[in-house]
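The values are calculated or read from the model by the stated rules, or taken from the named source; none is laboratory data. Predicted model, so just to flag it, every value in this text is computed and none were measured. So basically every Cβ, Gly included, is an ideal-geometry build from the backbone, and we count neighbours across all protein chains shown. The area values use the complete protein model at the heavy-atom level, side chains included, leaving out ligands, DNA and RNA. Shrake-Rupley method; radii C 1.70, N 1.55, O 1.52, S 1.80 Å.
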Amino acid sequence: DAKTTQPNSMESNEEEPVHLPCNHSTISGTDYIHWYRQLPSQGPEYVIHGLTSNVNNRMASLAIAEDRKSSTLILHRATLRDAAVYYCILMRGSQGNLIFGKGTKLSVKP
Amino acid sequence: AAGVIQSPRHLIKEKRETATLKCYPIPRHDTVYWYQQGPGQDPQFLISFYEKMQSDKGSIPDRFSAQQFSDYHSELNMSSLELGDSALYFCASRRDETGELFFGEGSRLTVL
C-alpha cells in the first residue's frame, strides 16, 4: 500500500479554519484518499474521501492537488470537539483495506 | 441509525486463556474488518471478510482466528493470550459500494 506522510501534531484556535496536510507521492491511479479521525477512547470515524476532484461534506472539505501527490483536509471552523488524531489513508480501489499510519494529532485551543 | 455493535465492551483475562470478541455489522453491510490498537499505538489491521469469506489478512497472530457467520456477524477468537494482546479491538463494516468504513466503539481486552 502506498505510504502517506503527515505532521505529528498541529494546533488551532477555536472557530478558526484548520488545514491538515498529507503527502502521498507514491499514490497510484486507483488509490482513493480517505480521511478518518479518532477521538480519545473512541473508534475511528470517517471524515471524507476523494479520488481526483475536491470534495465537500458537512464535516470538512478535501482539496486534492492536481498531480494527486498531496491533499489537504480543511475544517472550516474548528471546535473543541474536533480535537482528535486525523489519519490520511490511501485505499486501493473502492474495496481496499484501511491501513493506518501515523496521523496528525490536532489540538484546539479555546 | 444502527451502528456497528461490539461485545463485550470490556474483557479481563489471564495469560494463556482464550477470549472471543463479537461484532455485529450495520444491516446490509457485507464487509467486516478487525483492527487492534495497543496503548498509544495506531490501529493495526488484522483481518477482513467479504460475504462470509476471508478477503484479506494483516498482522494477525497465528493464535488468533476469525470468521463471519451467515447472519454477517463476526467473531475474533484469541487463544493462548499474552500480556501484549492487551489492546482495544475495533470492528468496522462497510457496504461494498460506498468505500466508507463504520467503526464500532471497540472491545477493550486486558490480559493479566
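In table form, for the structure just shown:
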read-out: Subset of segment A:54-110 that is touching a Cys at 6+ places or on another chain (Cβ under 8 Å) and among the hydrophobic types (A, V, I, L, M, F, W, C) - its residue that is surrounded by the fewest Cβ atoms within 10 Å (Cβ to Cβ); value: A:LEU73
read-out: Strands (runs of 3 or more DSSP E) lying entirely in chain A (those with 3 or more residues that are within 11 Å of another protein chain (Cβ to nearest Cβ)); value: A:31-38, A:45-50, A:84-92
read-out: Among the candidates B:PHE69, B:PHE49, residue that is open to solvent by less than 30 Å² (accessible area, probe 1.4 Å), of a type in the set (A, V, I, L, M, F, W, C) and touching a residue at least 12 places away in the same chain (Cβ under 8 Å); value: B:PHE49
read-out: Single match in B:GLY3, B:GLY84 (criterion: open to solvent by less than 50 Å² (accessible area, probe 1.4 Å) and out of contact with any strand residue (DSSP E or B) (no Cβ under 6 Å at 6 or more places or on another chain)); value: B:GLY3
read-out: Which numbered condition B:PRO43 misses (of (1) without any contact (Cβ under 8 Å) to a residue 60 or more places away in the chain; (2) surrounded by fewer than 16 Cβ atoms within 10 Å (Cβ to Cβ); (3) in contact with a Phe, Trp or Tyr (Cβ under 8 Å, 6 or more places away or on another chain)); value: (2)
read-out: Of the criteria (1) over 30 Å from A:PRO110 (Cβ atoms); (2) touching a residue at least 24 places away in the same chain (Cβ under 8 Å); (3) under 12 Å from the mean Cα position of the chain (by Cα), which one A:SER28 fails; value: (3)
read-out: Check on B:SER74, closer than 19 Å to A:HIS34 by Cα, more than 11 Å from every other protein chain (Cβ to nearest Cβ) and touching a Pro at 6+ places or on another chain (Cβ under 8 Å); value: no
